[in-house]
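What follows is a short report on a single structure.
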Amino acid sequence: MAWAGIIEEFRDFLPVKQNTPVVTLLEGNTPLVPATKLSKLLGANRTVYLKNEGLNPTASFKDRGMTVALSLAVAEGAQIVLCASTGNTSASAAAYAARAGIRCAVLLPKGKIAKGKLAQALLYGATVVAIKGNFDEALQLIRRIGNRPGYAVVNSINPARIQGQKTASFEIIKTLGDAPHVHVLPVGNAGNITAYWLGFKEAFQQGWSTRLPKMLGFQAARAAPIVINRVVPKPETIATAIRIGNPASWEGARNALMESGGLCDMVTDEEILRAQRWLASEEGVFVEPASAAAVAGLLKIAQNPAEQQKRIPPGSIVTVTVTGHGLKDPEIAIKQGGTFVSCSAKEADVIRTLEKITLKR
Ligand code: F0G
């Protein structure tokens, strides 16, 4: 049967009723791609898979939560959905609101949104409000404004979002036949790590898996409140999606890390960019910088044999959520460079240029 979206697929495990109108773009069912070079790099029979969430309808994992949040918002008669966002949530909310035929307004930190995400929010028809403040300030405003009549907040403080996002864990287990030993993902507002852990626990309770994975989260070094255990008033990172200093689901992340025996660590912007480039050029998977933070974390662990032995024992099955597509942030990608040369349109010139480059590489 054709895939019908995560609500139809996992209806019994989601907070929807028989008569809830389903707002869907057929999200979910994303590929779990074997990462052969990454597996080889870790060595000792470790196998790494990438859960490629950039292949959702709006090119990030947010769509899993948004189908549930928008379906419930419509059922409750909301006229406007609202969110604060570093970009992806706004793109997803705008798309699902368009689908549902209701209004959407998004609060974004001015000048800190990747171009692809802004393009999406605008074209899907949201009202885009750029505030002179960061994501944490935008979310504070949403908390205050959001309970007006007719409004529905679709940030991950809305439990429907977490419920929808947990379905990624279900899919991983269905594909592998069991839970991985280790699950790795980037952490910003901490909704997703909370959701994955919930999904892994529920699947275990259902008897779909024989184990629970250790959760490994990675934040950007200058936006790592969970790692340093302190609010970061002015978070900074080139991975704008996770430029967050006071995560709303801090508690959920803490539980996931503690209960799973996992760890939250940080990676620098340089490590993030290197990992982004490495994943694209070695595995053929182009992800946005925030997603590359998870891969950077894995590469960081691999550099320290004792740490690797402890965190990712030999023979481990490791799944990594790559949360958003690389095309979301073309500016960062182009800045990273590559082999780009100009040439005349003459055949001889083109051949000479090609040969010169090929020899040089
Ligand atoms: N990766 C990407 C691509 C994201 O967009 C986000 C969060 C995360 C990772 C972190 O997930 O917040 O659940 O810990 N983006 C939010 C947004 C904040 O507004 O789009 P998290």
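List of remarks:
- Selection within region 71-90 - within 8 Å of the ligand (Cβ to nearest atom) and touching a residue at least 40 places away in the same chain (Cβ under 8 Å): Cys83, Ala84, Ser85, Thr86, Gly87, Asn88, Thr89
- Some residue of region 232-252 being touching a residue at least 60 places away in the same chain (Cβ under 8 Å), assigned to a loop (DSSP other than H, G, I, E, B) and away from the ligand (no atom under 14 Å from the Cβ): yes
- Scanning region 341-357 for residues that are assigned to a helix (DSSP H, G or I) and of a type in the set (Ser, Thr, Tyr) returns a single hit, Thr353.
- Residue-level analysis places Ala224 outside the set of residues that are touching an Asp or Glu at 6+ places or on another chain (Cβ under 8 Å), under 30 Å from Glu331 (Cβ atoms) and touching a residue at least 40 places away in the same chain (Cβ under 8 Å).
- Any hit, region 21-31, residues being away from the ligand (no atom under 16 Å from the Cβ), at pLDDT 95 or above, over 15 Å from Gly164 (Cβ atoms) and within 21 Å of the chain's Cα centre (by Cα): yes
- Residues that are of a type in the set (S, T, N, Q), in a loop (DSSP other than H, G, I, E, B) and either in contact with a strand residue (DSSP E or B) (Cβ under 7 Å, 6 or more places away or on another chain) or farther than 26 Å from Arg222 by Cβ (or both), drawn from region 267-317: Ser316
- Region 27-92 holds strands (runs of 3 or more DSSP E) entirely within its bounds, and those carrying 2 or more residues that are closer than 20 Å to Tyr124 by Cα map to 80-84.
- Residue within region 210-233 that is among the hydroxyl-bearing types (Ser, Thr, Tyr) and surrounded by fewer than 23 Cβ atoms within 10 Å (Cβ to Cβ) present: yes
- Just one of (1) away from the ligand (no atom under 13 Å from the Cβ); (2) out of contact with any strand residue (DSSP E or B) (no Cβ under 7 Å at 6 or more places or on another chain) fails for Ser260. It is (2).
- Residue in region 68-78 that is farther than 17 Å from Ile7 by Cα and buried (at least 21 other Cβ atoms within 10 Å of the Cβ) present: yes
- Filtered residue count, region 113-134, keeping only those that are in contact with a Lys or Arg (Cβ under 6 Å, 6 or more places away or on another chain) and touching a residue at least 40 places away in the same chain (Cβ under 8 Å): 3
- Inspection of region 39-52 identifies no residue that is over 18 Å from Thr319 (Cα atoms) and touching a residue at least 24 places away in the same chain (Cβ under 8 Å).
- Tabulated pairs, region 336-349, first under 20 Å from Ile238 (Cβ atoms), second among the charged types (D, E, K, R), C-beta under 6 angstrom, 6+ apart or interchain: Gln336/Arg277
- Of the helices (runs of 4 or more DSSP H) that lie entirely inside region 97-196, those containing 2 or more residues that are under 20 Å from Ile244 (Cβ atoms) and within 12 Å of the ligand (Cβ to nearest atom) span 115-123, 135-145, 159-165.
The values are calculated or read from the model by the stated rules, or taken from the named source; none is laboratory data. The shown structure was predicted, so the numbers you read here are calculated from the model rather than taken from an experiment. A quick note on method: Cβ atoms are made from the backbone with ideal geometry, for glycine too, and the neighbour counts reach across all protein chains shown.
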